[in-house]
Amino acid sequence: MIAGGIAYASMYHIGYLDTLWVKASERGKGYGKQILTDLEQQLKAFGCENCQTATFDFQAPDFYQRMGYDEIGRIAHTQNQLTEIFLVKKLHD
């Protein structure tokens with residue numbers, strides 16, 4: 001069974017997390033945390049300094065903040081009544 005997955009890229013020592021998903025029935029079991037932690041370890045091994053991502057206000061901003069990501073900006077999409085939140089985590093001291 002596939003419980004979740006991730007899509008990402010790295011360029012110029014910057015990690016870009018595009019999509020992280022966990023099957024609805026498997027949420028709350030730590031899979032998202034494990035997937036993200038594994039990605040961060042891989043990005044560190046690649047020499048990436050940061051990992052950047054974006055999420056909508058109804059999705060997972062609290063999850064990323066619990067995982068150590070800092071909000072760096074927002075865009076309000078008033079037509080759709082959505083707010084897009086941009087986050088970054090420093091991977092190296």
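The values are calculated or read from the model by the stated rules, or taken from the named source; none is laboratory data. No experiment lies behind these values; they were computed from the predicted model shown. Note that each Cβ is placed from the backbone with ideal geometry, even for glycine, and that neighbours are counted across all protein chains shown. Calculation scope for accessible area: heavy atoms of the full protein, side chains included, ligands and nucleic acids excluded. Shrake-Rupley method; radii C 1.70, N 1.55, O 1.52, S 1.80 Å.
Restricting the search to region 23-74, which residues are out of contact with any Leu (no Cβ under 7 Å at 6 or more places or on another chain), hydrophobic (A, V, I, L, M, F, W, C), open to solvent by less than 90 Å² (accessible area, probe 1.4 Å) and in a loop (DSSP other than H, G, I, E, B)?
Within region 23-74, A60 is the sole residue that qualifies.
Could you list, in sequence order, all residues of region 67-93 that are of a type in the set (D, E) and in contact with a strand residue (DSSP E or B) (Cβ under 8 Å, 6 or more places away or on another chain)? Before you say what the answer is, go through the steps one by one.
Taking region 67-93 first, the residues of a type in the set (D, E) are 70-71, 84, 93.
If the condition is that a residue be of a type in the set (D, E) and in contact with a strand residue (DSSP E or B) (Cβ under 8 Å, 6 or more places away or on another chain), then D70, E71, E84 are the ones that fit.
Go through region 5-14 residue by residue and tally those that are in a strand (DSSP E or B) and either out of contact with any helix residue (DSSP H, G or I) (no Cβ under 7 Å at 6 or more places or on another chain) or loosely packed, with under 12 Cβ neighbours inside 10 Å (or both).
5
Could you give every pair whose Cβ atoms fall below 9 Å, whose first residue belongs to region 73-93 and is modelled with pLDDT under 95, and whose second residue is open to solvent by 40 Å² or more (accessible area, probe 1.4 Å), counting only separations of at least 6 or pairs across chains?
As it stands, the answer is H92/K44; H92/E49; H92/N50, since those pairs meet every condition given.
May I ask you to list the residues in region 71-83 that are of a type outside the set (A, V, I, L, M) and out of contact with any Lys or Arg (no Cβ under 7 Å at 6 or more places or on another chain)?
The answer is E71, G73, R74, H77, T78, Q79, N80, Q81.
Here is a list of conditions, (1) out of contact with any strand residue (DSSP E or B) (no Cβ under 9 Å at 6 or more places or on another chain); (2) of a type outside the set (V, I, T); (3) surrounded by 12 or more Cβ atoms within 10 Å (Cβ to Cβ); (4) not in a helix (DSSP H, G or I), and L17 meets all of them except one; can you say which number that is?
For L17, the exception is condition (1).
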